[in-house]
Amino acid sequence: MPLLLLHICCGPCATSTVDHWRREGWDLEGFFFNPNVHPYLEFGRRLQGAEALAAAEAFRLREDLSYDPAAWFQAVGVKGEGRCACCIACRLEMTAQVAAEVGCDAFSTSLAISPYQDHQAIAREGAAAGDRHGIRFLYHDLRPLFRDSRRRARELGLYRQQYCGCILSEWERYRDA
Ligand code: SF4
Ligand code: SF4
């Protein structure tokens, strides 16, 4: 069975994403690499959510815990419109690199189930990272499965975060509350 490396940012989106790719005939491993998640304690909560899902769904979760928000800010900056595309590119670049190194057949991301993410950037940056590392990027618009993923997350008792990840997204989430 071909092996997929699935980038995972936390538990909820990965639930139905894992189901989807398994239905498509892929064996998979997860990969947690998210230096965009601030602050550090929130990073830990999302990591625990991803680990809980991996245990419940019986897949291996690879973890890059070299958490360095300073490097993330240097790579992504605080620019307005380009910020999310750059952040997505940064995470998919690392996923492509690891997927190629460990001998996977393809890579993808749980971001593709979220209606709050930039899907053009996911498809474009994933394909570009795949080209650079000689590995196929699988993009499928999984947004129709988003509600199902929230239901699964509740059933499994997974941690559900309230903002995308970076400190700017936390501010955007709560500034008008
Ligand atoms: S897109 Fe958001 S909710 Fe979905 S896995 Fe990533 S951090 Fe979690
Ligand atoms: S809002 Fe989310 S995708 Fe955009 S830069 Fe922040 S963490 Fe990354």
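Observations, loosely collected:
- FRET efficiency for D19 and Y116, using Cβ-Cβ distance with R0 set to 22 Å, rounded to 0.05: 0.65
- Stretching L156 away from L3 to a fully extended chain increases their span by 52.6 nm, per 0.36 nm per residue minus the current alpha-carbon distance.
- Projecting the Cα atoms of Q97, T17, H7 onto the dipole axis of segment 3-174, where Lys and Arg carry +1 and Asp and Glu carry -1 at the beta carbon, places T17 farthest toward the positive end.
- Dividing the summed -39500 (n - 2.57) terms of all DSSP H runs of n ≥ 4 by the residue count of the chain sets its mean residue ellipticity at 222 nm at -16500 deg cm²/dmol.
- Under 16 Å from the R132 label point (7 Å along Cα→beta-carbon), backbone N, segment 90-110: 90-101, 107-108
- Peptides 166-176, 145-155, 25-35, 88-98 ranked from most to least packed give 88-98, 25-35, 145-155, 166-176, packing being the mean of other C-beta atoms within 10 angstrom over each peptide's residues.
- Three-way shape call for segment 3-174 based on the alpha-carbon gyration tensor, with the a/c threshold at 1.5: rounded
- Taking every C-alpha pair closer than 8 Å and separated by at least 6 residues, the mean separation divided by the residue count of the chain gives a relative contact order of 30 percent.
- Point-charge dipole on Cβ atoms (K/R +1, D/E -1) for segment 3-174, about Cα centre, debye to 20: 480
Every number here is computed from the coordinates shown, using simple stated rules; none is lab data. Everything numeric here is computed off the predicted structure, so don't read it as measured data. All Cβ positions, even for glycine, are placed from backbone atoms using ideal geometry, and neighbour counts span all protein chains on display.
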